[in-house]
1. Within segment 15-48, take every residue that is part of a strand (DSSP E or B) and surrounded by 16 or more Cβ atoms within 10 Å (Cβ to Cβ) and give me the one that is modelled with the highest pLDDT.
2. List every residue pair whose Cβ atoms lie under 9 Å apart, where the two residues are 6 or more positions apart in sequence or sit on different chains, the first residue falls within segment 4-19 and is closer than 13 Å to Y60 by Cβ, and the second residue, located anywhere, is of a type in the set (K, R) and not in a loop (DSSP other than H, G, I, E, B).
3. Among the numbered criteria (1) modelled with pLDDT under 85; (2) exposed (fewer than 14 other Cβ atoms within 10 Å of the Cβ); (3) part of a strand (DSSP E or B), which one does D63 miss?
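The values are calculated or read from the model by the stated rules, or taken from the named source; none is laboratory data. Worth saying up front: this structure is predicted, and the values here are computed from it rather than measured. Every residue, glycine as well, gets a Cβ built from its backbone with ideal geometry; the counts of neighbours run over all protein chains shown.
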Amino acid sequence: MEQMQINMPDIYDAALYLRLSKDDMEEGGAKSESNSIANQRELLRSFVKSQPDIQIFDIYVDDGYSGGNFVEVR
C-alpha cells in the first residue's frame, strides 16, 4: 500500500483575534481602544515574531464587545 505524502507549508498564515475585556469597560461604553486590546495585540505580535514559521495574515478586533454581554457581532 502506498503512503500518501502530505506537504506542509513552510510558513503558516495566522489571524489574530482580539476581544475586549469586560474589565476595560467604562460607564457609558468602552475606551477609545482598551488596554486589553492593546496588550493582546502586543503580546500576540511578540509571540508571532518569535515563531519563524508563522506570519500574521490579518488582525480581527472586537473592541467594545465583551464576551460577557452576549452581543452577536456581524
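1. From segment 15-48, those part of a strand (DSSP E or B) are 15-20, 25-26, 29-30; that's our starting set.
Going one step further and asking which of them are surrounded by 16 or more Cβ atoms within 10 Å (Cβ to Cβ), we end up with 16, 18-20, 25, 30.
On the way: L16: 97, L18: 93, R19: 88, L20: 80, M25: 64, A30: 53.
By that ranking, first place goes to L16.
2. L16/R41; L16/R45; L18/R41
3. Every condition holds for D63 apart from (2).
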